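Notes follow the structure.
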Amino acid sequence: MSGVLAWRCAVCGTTVDIAAAHAFTCPRATPGDRHHVLHPIATDSVPAPVDDPNPFIAYGPRMAWWAFAAANGMTEPARVALASEVAAGFAVTPLGRHELDLAMNGDSPATPVWVKDETGNVGGSHKSRHLAGILLHLRAAEALGVAPERSGRAPLAIASCGNAAIAAATLAQRVDWPLEVYVPDWASPAVMALLESLGASIKVCERREGDPPGDPAVLRFRDAVDAGALPFSVQGPENGMCLDGGRTLGWELADAVGTAGGPARLDRMVVQVGGGALATCVGWAVGPSVRLDTVQADGCAPLARAWWRAKDAGMAAAEIPHRWSHLMTAWERPESLADGILDDETYDWLGAFEVMTASGGQPLVAPEEAIVRAAEIGASSGIPVSATGAAALAGLLVREGKPASGEQVAVVFSGVTR
Ligand SMILES: Cc1ncc(COP(=O)(O)O)c(C=O)c1O
Ligand SMILES: [Zn+2]
């Protein structure tokens, strides 16, 4: 039995067969109307994990790439062999209980927080989980001879100058698939050198006269995709398949509950949000019984702004996706030490809304002092986590997000310090 029935657009409801190759975006999306996003629709009964240390095999029966390959005739041993190659090195990441000093000025009684440590994951962050699901689909389509003709081995393309780009280059290199990375002209020379050493082709994107508002790297990435490149993106609207593999993180967390060394129960997840794919995937996978709060810095909080706009307008849930342009607008001057979550729009806002609504969670907005303090707490935890990766802790420092006594709270530390 498969865990994924189909893809369905969260905006217009169009469904796409799970057997369709390269079904990255909603068939009704157009260059003039990009406000569509395919979500994997799961069966009610979730298949039990297979006994394997690699999450892309263990949770294979719940995943879209697996269902796609199966529907096109790939045998189970062949799917396992494919995952062993493409998703080599993935393993269940550590979940530990940390006693953290959650005071703004330090020196208060320690609060226990469960930390899922993604800093040792492939590429140094959770981003590789989103991308491995896409790459498994691409490799399966290629092996089965069902990939659309024109795309043969068209290059992969991504717009990122951070953890996602590093994950993309790491995965593309191992299967020898050409990758173009679209970066803004202020990208860090150190990251660009790392990407080059991983074999990626860097495309520095300056703003051009006549460009519409938005990140020029994203605009050039979209041009490349329109010209035939494959969207190797960690943003659902660019490629819904990134929302497949990201769920492995949440399944691992859920399956740690009740195990030796794991939490007896989980009450709340607090997740830092940039593009929103991480929160969406974790929320779907842990399920609505665990409250999911999102965290953004007050220097860039488009998700929280959209949420409160919808609440203030008393908008019904069914109306929200149709008000995309009105609710989810670009943040003007994103600014924070947590520079990996400065996406001016929360691309996967509909998924994030869905998981917060279903679980009774809310978007938390942290003042910059809390982001800075969160980075300090992260740095003193013994885990080499970046400021972005520790940013969820800032949500525990603000009044609305403070852990209640005895509450079992979990965060994701992602993005190794470089
Ligand atoms: C370390 C780290 N944590 C969290 C996030 C947020 O993930 P998302 O963009 O899916 O919201 C990012 C995104 O770049 C990141 O690099
Ligand atoms: Zn649609």
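The values are calculated or read from the model by the stated rules, or taken from the named source; none is laboratory data. Treat the numbers as computed from the prediction; the structure is a model and nothing was measured. Counting neighbours? That spans all protein chains shown, and the Cβs are built from the backbone with ideal geometry, glycine included. Surface accessibility is based on the protein's heavy atoms, side chains included, excluding ligands, DNA and RNA. Shrake-Rupley method; radii C 1.70, N 1.55, O 1.52, S 1.80 Å.
Would you please list the contacts, defined by Cβ atoms under 9 Å and residues six or more apart or on different chains, that run from a residue in region 9-31 that is farther than 25 Å from PRO61 by Cβ and of a type in the set (A, V, I, L, M, F, W, C) to a residue that is more than 9 Å from ligand 2 (Cβ to nearest atom) and open to solvent by 30 Å² or more (accessible area, probe 1.4 Å)?
Short answer, once both residue conditions are applied: VAL11/HIS322; CYS12/HIS322.
Return the total of residues in region 88-107 being open to solvent by 40 Å² or more (accessible area, probe 1.4 Å) and touching an Asp or Glu at 6+ places or on another chain (Cβ under 6 Å).
2
Which count do you get for residues in region 45-87 that are open to solvent by 40 Å² or more (accessible area, probe 1.4 Å) and closer than 21 Å to ALA279 by Cα?
Final tally of qualifying residues: 1.
Within the group ALA310, ALA316, ALA306, which residue is more than 16 Å from ligand 2 (Cβ to nearest atom) and within 24 Å of SER160 (Cα to Cα)?
Just a single option satisfies the conditions, and that option is ALA306.
For region 232-246, which residues satisfy the criterion of being of a type outside the set (Ser, Thr, Tyr) and either open to solvent by less than 10 Å² (accessible area, probe 1.4 Å) or farther than 20 Å from LEU350 by Cα (or both)?
Of everything in region 232-246, those that are of a type outside the set (Ser, Thr, Tyr) and either open to solvent by less than 10 Å² (accessible area, probe 1.4 Å) or farther than 20 Å from LEU350 by Cα (or both) turn out to be PHE232, GLY236, ASN239, GLY240, MET241, CYS242, LEU243, ASP244, GLY245, GLY246.
Please enumerate the residues belonging to region 344-359 that are closer than 19 Å to ALA159 by Cα and open to solvent by 10 Å² or more (accessible area, probe 1.4 Å).
ASP344, GLU345, TYR347
Please determine whether any residue of region 132-141 is not in a helix (DSSP H, G or I) and not β-branched (Val, Ile, Thr).
The answer is no; no qualifying residue exists.
What are the pairs with Cβ atoms under 8 angstrom where one residue, in region 340-369, is without any contact (Cβ under 8 Å) to a residue 24 or more places away in the chain and the other, located anywhere, is in a loop (DSSP other than H, G, I, E, B) and within 14 Å of ligand 1 (Cβ to nearest atom)? Sequence gap at least six, or different chains.
none
Can you tell me which of GLY262, GLY250 is farther than 25 Å from LEU337 by Cα and in a loop (DSSP other than H, G, I, E, B)?
Answer to the selection: GLY262.
Search region 1-42 for residues being open to solvent by less than 30 Å² (accessible area, probe 1.4 Å) and among the β-branched types (Val, Ile, Thr), and hand back the single one that is nearest to ILE320 (Cα to Cα).
VAL11
Looking only at region 320-358, which residues are more than 15 Å from ligand 1 (Cβ to nearest atom) and among the polar types (S, T, N, Q)?
Listed by number, the residues that qualify are SER325, THR329, THR357.
The conditions are (1) at pLDDT 95 or above; (2) of a type outside the set (Val, Ile, Thr); (3) assigned to a loop (DSSP other than H, G, I, E, B); (4) out of contact with any Phe, Trp or Tyr (no Cβ under 8 Å at 6 or more places or on another chain), and SER108 fails exactly one of them. Which is it?
Just one mismatch for SER108, condition (1).
Hey, can you tell me all the residues within region 139-151 that are within 20 Å of ASP223 (Cβ to Cβ) and open to solvent by 40 Å² or more (accessible area, probe 1.4 Å)?
PRO148, ARG150 - these are the residues of region 139-151 that are within 20 Å of ASP223 (Cβ to Cβ) and open to solvent by 40 Å² or more (accessible area, probe 1.4 Å).
Name the residue that is farthest from ligand 2 (Cβ to nearest atom), counting only residues in region 258-285 that are crowded, with 24+ Cβ neighbours inside 10 Å and among the β-branched types (Val, Ile, Thr).
The residue in question is VAL270.
Taking only region 360-387 into account, find how many residues are open to solvent by 20 Å² or more (accessible area, probe 1.4 Å), closer than 25 Å to ARG309 by Cβ and of a type outside the set (Asp, Glu).
4
Among the residues of region 32-79, write down those that are within 16 Å of ligand 2 (Cβ to nearest atom) and in contact (Cβ under 8 Å) with a residue 60 or more places away in the chain.
Those that are within 16 Å of ligand 2 (Cβ to nearest atom) and in contact (Cβ under 8 Å) with a residue 60 or more places away in the chain: ARG34, HIS35, HIS36, VAL37, LEU38, HIS39, PRO40.
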